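Single-structure report; data block below.
Laboratory data are not the source of any read-out in this text; all were calculated from the coordinates shown. Because the structure is a prediction, the values reported are computed rather than measured. Cβ atoms come from the backbone with ideal geometry, glycine included; neighbour counts cover every protein chain shown.
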Amino acid sequence: MFDIGFSELMVIGVVALLVIGPEKLPKVARTLGHLLGRAQRYVNDVKSDINREIQLDELKKLQSQVTDSARALEDSVRKEYESARSALEAPARAAAAELEDAAQQVAQATQTPPSPPATGDNTGKPAA
């Protein structure tokens, strides 16, 4: 954090002893320790909040990527389904149309009565 060596700390301690005095120095040191502890906790809280925000942003990005991938997969599956459906529907409709035509032809053939045999001569006069 700060580049302070042991000799510099000793100088600060001696100056504090001369300025504050030996009677108040322990109380001041204790108060200073509490303030430094609070400052460290505050810095750690801010760091953890920043890390949480970064993780939240990363999770949101990941969620949007997964959502986009899911939509792309859904679109791909839907297109494949539609192409398979159209590939199967066209021959099925043609076969159904052929069956309907054949059924109509069979129905017409069974509904048409055979023509009665001709009686009499071929002159067109009724037989007597």
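Points worth noting:
- The residue among 70, 51, 108 whose Cα reaches farthest toward the positive pole of the charge dipole of the chain, with charges on the beta-carbon of Lys, Arg, Asp and Glu, is 51.
- Listed by chain and number, the aspartates and glutamates whose C-alpha is less than 19 Å from the C-alpha of residue 61, apart from same-chain residues fewer than 8 away, are 49, 53.
- Each principal axis of the chain carries a Cα extent, and these read 163, 23, 13 Å when sorted largest first.
- In degrees, nearest ten, helix 25-111 long axis to first principal axis of the chain (Cα): 0 degrees
- Axis of helix 6-20 versus longest Cα principal axis of the chain: the two differ by about 60°, to the nearest ten degrees.
- For region 1-61, pairs of C-alpha atoms spaced more than 14 angstrom apart make up 73 percent of the total.
- Under 20 Å from the Cα of residue 79 - aspartates and glutamates, other chains or at least 8 residues apart: 68, 89
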